[in-house]
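Q: Dropping the structure in here first, questions after.
The values are calculated or read from the model by the stated rules, or taken from the named source; none is laboratory data. Here the structure is a predicted model, which is why all the values come from computation and not from measurement. Cβ placement follows ideal geometry from the backbone for every residue including glycine, while neighbour counts extend to all protein chains displayed.
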Amino acid sequence: MATDVSSFKDAYKKAIQSDFPPEAMLVIGERKIPLKKVGIQLRYGTNPHQPFIAYAPAGSETLSVGNLDILKGGKDGLSLTNLQDMSQALNLLKFFDRPACAIMKHVNPCGFKVETGNESLPEIYRIARNCDERSAFGSIIGFNRPVDGPTAEAIMESFVEGIIAPDYTEGALEILRRNEGTRKLNNAIRVARVANMDRLPKFIGDEVTGYYNLRNLVDGSLTVEVPYLTRIRSSADFIVDPMIPNADPAKNGGKDYVVRRAPTKTELDDCLTAWYVNINVRSNGIVFVKDGAAVAVGTGEQERIGAVEQAIEKAGKKGHSLKGAVMSSDAFFPQRDSIDAVAAEGVTAVVWPAGSLNDALVIEAANEHNIALMATLERCFLHI
């Protein structure tokens, strides 16, 4: 006799009880940080059978992913994965002054677009979604601008799990609540409002007191890390003429290895976007950007060239040409093979940290293919 498993779908909608205390205290040396259970309804942890709780620093209600203003979907609550994706969306969007949209799936961006040509917010959203429309199914969408009615209509075209934005017009909220209580598309979409996104630390030198990344190891050990901050405040901080001294005068005609081609303004802008997106991609991470859109992301690979190949394959499957695109890499290239691979696809500029024993070969490859190569002198691994 067959066993009916159809009822398991209900597990994804139900909140489960936990016995965590409502208050906690983080003590690091002499510093004590009081924590309070967040003021929003929680569903479950990473999976439906895992109880969890979210604590926010006491008094941080005006700047806390855990104390969001839930405008729709609050009854069912948010899962840990919802909170993580919303957090990563904010962590990406915080870098952009121009209107932008980030689409997050499993703590990785599967789509991103920043305004480059006076696009409307609905256009920005659709371009971001179309970076990888298949992966955007059931995603979390983040905006750094208030959501208006036309943008809400665009969102309702496909299934999404939730939205986070600074605000919503009344017309937008009416549209997003349209199917509430029915079995239609997006009937349970979670709509969250967040304040003071611009106060999140992002650059080296920003105040980070009280901000910590806490992660546990399998035996219960706890690691504490200061959040990632970048030295790249603008494209002016890129090293656009990286040089590696020639250690063997018999090679390269006795000359040092210097990148020959300077990047264009468009390449600089797209490389900056690619770098900021890559900060929020699981290592090993590769990001291709074209006209402000992340047309392909390679993530979580154990080898650098594997991440490059994954992103190239994704772009092809999604119908995106990489001709004229730029690429960012979150760490150095161990060999020149990654440059050779993207040159074959028509990529014209690359931003990378530098730091490999084979950087001279990487520069040599860039010069052979007439690729602009920029260095950040920092790595942006997201190893979670």
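Q: Can you tell me which residue within region 244-262, out of those that are free of Cβ contacts under 8 Å to residues at least 60 places away in the same chain and outside any loop (DSSP other than H, G, I, E, B), is surrounded by the fewest Cβ atoms within 10 Å (Cβ to Cβ)?
A: Once the filter is applied, the top-ranked residue is 253.
Q: Okay, moving on. Is region 296-307 home to any residue that is closer than 24 Å to residue 99 by Cα and either touching a residue at least 12 places away in the same chain (Cβ under 8 Å) or of a type in the set (Lys, Arg) (or both)?
A: yes
Q: Which one is farthest from the chain's Cα centre (by Cα) among residues in region 207-243 that are in a strand (DSSP E or B) and at pLDDT 95 or above?
A: 243
Q: Going through region 271-285 one residue at a time, which ones are among the aliphatic types (A, V, I, L, M) and within 12 Å of the chain's Cα centre (by Cα)?
A: Of everything in region 271-285, those that are among the aliphatic types (A, V, I, L, M) and within 12 Å of the chain's Cα centre (by Cα) turn out to be 274, 277, 279, 281.
Q: While we're on this one: Go through region 281-298 and give me each residue that's in contact with a Cys (Cβ under 9 Å, 6 or more places away or on another chain) and of a type outside the set (A, V, I, L, M, F, W, C).
A: Within region 281-298, 283, 285 meet the criteria.
Q: Any residue that is within 18 Å of the chain's Cα centre (by Cα) and buried (at least 18 other Cβ atoms within 10 Å of the Cβ) - is there at least one of those in region 66-75?
A: Within region 66-75, not a single residue is within 18 Å of the chain's Cα centre (by Cα) and buried (at least 18 other Cβ atoms within 10 Å of the Cβ).
Q: How many residues, within region 140-162, are over 22 Å from residue 76 (Cα atoms) and of a type in the set (S, T, N, Q)?
A: 2
Q: Oh, and also: For region 222-240, what are the residues that are exposed (fewer than 15 other Cβ atoms within 10 Å of the Cβ) and without any contact (Cβ under 8 Å) to a residue 40 or more places away in the chain?
A: Matches in region 222-240: 222, 223, 225, 226, 227, 233, 234, 236.
Q: Six or more apart or on different chains, Cβ under 7 Å: which pairs go from a residue in region 351-364 that's at pLDDT 95 or above to one that's in a helix (DSSP H, G or I) and crowded, with 20+ Cβ neighbours inside 10 Å? Could you list them?
A: From residues that are at pLDDT 95 or above, the pairs are 351/271; 351/274; 351/275; 356/362; 362/339.
Q: Out of all the residues in region 75-94, is one or more free of Cβ contacts under 8 Å to residues at least 40 places away in the same chain and touching a His at 6+ places or on another chain (Cβ under 8 Å)?
A: Yes, region 75-94 contains a residue that is free of Cβ contacts under 8 Å to residues at least 40 places away in the same chain and touching a His at 6+ places or on another chain (Cβ under 8 Å).
Q: Let me ask you something else. Specify the residue that is nearest to the chain's Cα centre (by Cα); the eligible residues are those in region 42-65 that are of a type in the set (A, V, I, L, M, F, W, C) and surrounded by fewer than 18 Cβ atoms within 10 Å (Cβ to Cβ).
A: 63
Q: Looking at (1) assigned to a helix (DSSP H, G or I); (2) more than 28 Å from residue 162 (Cα to Cα), which is the one condition that is false for residue 276?
A: Answer for residue 276: the failing condition is (2).
Q: Here is a follow-up. Within region 263-273, is even one residue in a helix (DSSP H, G or I), among the hydrophobic types (A, V, I, L, M, F, W, C), outside the structural domain of residue 108 (by TED's automatic domain parsing) and free of Cβ contacts under 8 Å to residues at least 24 places away in the same chain?
A: Checking region 263-273: not a single residue is in a helix (DSSP H, G or I), among the hydrophobic types (A, V, I, L, M, F, W, C), outside the structural domain of residue 108 (by TED's automatic domain parsing) and free of Cβ contacts under 8 Å to residues at least 24 places away in the same chain.
Q: Hey, another quick one. Can you spot a residue in region 254-269 that is at pLDDT 95 or above and under 19 Å from the mean Cα position of the chain (by Cα)?
A: For region 254-269, residues at pLDDT 95 or above and under 19 Å from the mean Cα position of the chain (by Cα): present.
Q: For region 318-331, how many residues are closer than 25 Å to residue 279 by Cβ and surrounded by fewer than 18 Cβ atoms within 10 Å (Cβ to Cβ)?
A: 2
Q: Suppose we keep only residues that are hydrophobic (A, V, I, L, M, F, W, C) and assigned to a loop (DSSP other than H, G, I, E, B) within region 186-204. Which one would you say is farthest from residue 85 (Cα to Cα)?
A: It comes out as 204.
Q: Of the residues 107, 147, 114, 191, only one is surrounded by fewer than 22 Cβ atoms within 10 Å (Cβ to Cβ) and either in the same structural domain as residue 56 (by TED's automatic domain parsing) or without any contact (Cβ under 8 Å) to a residue 40 or more places away in the chain (or both); which?
A: 107
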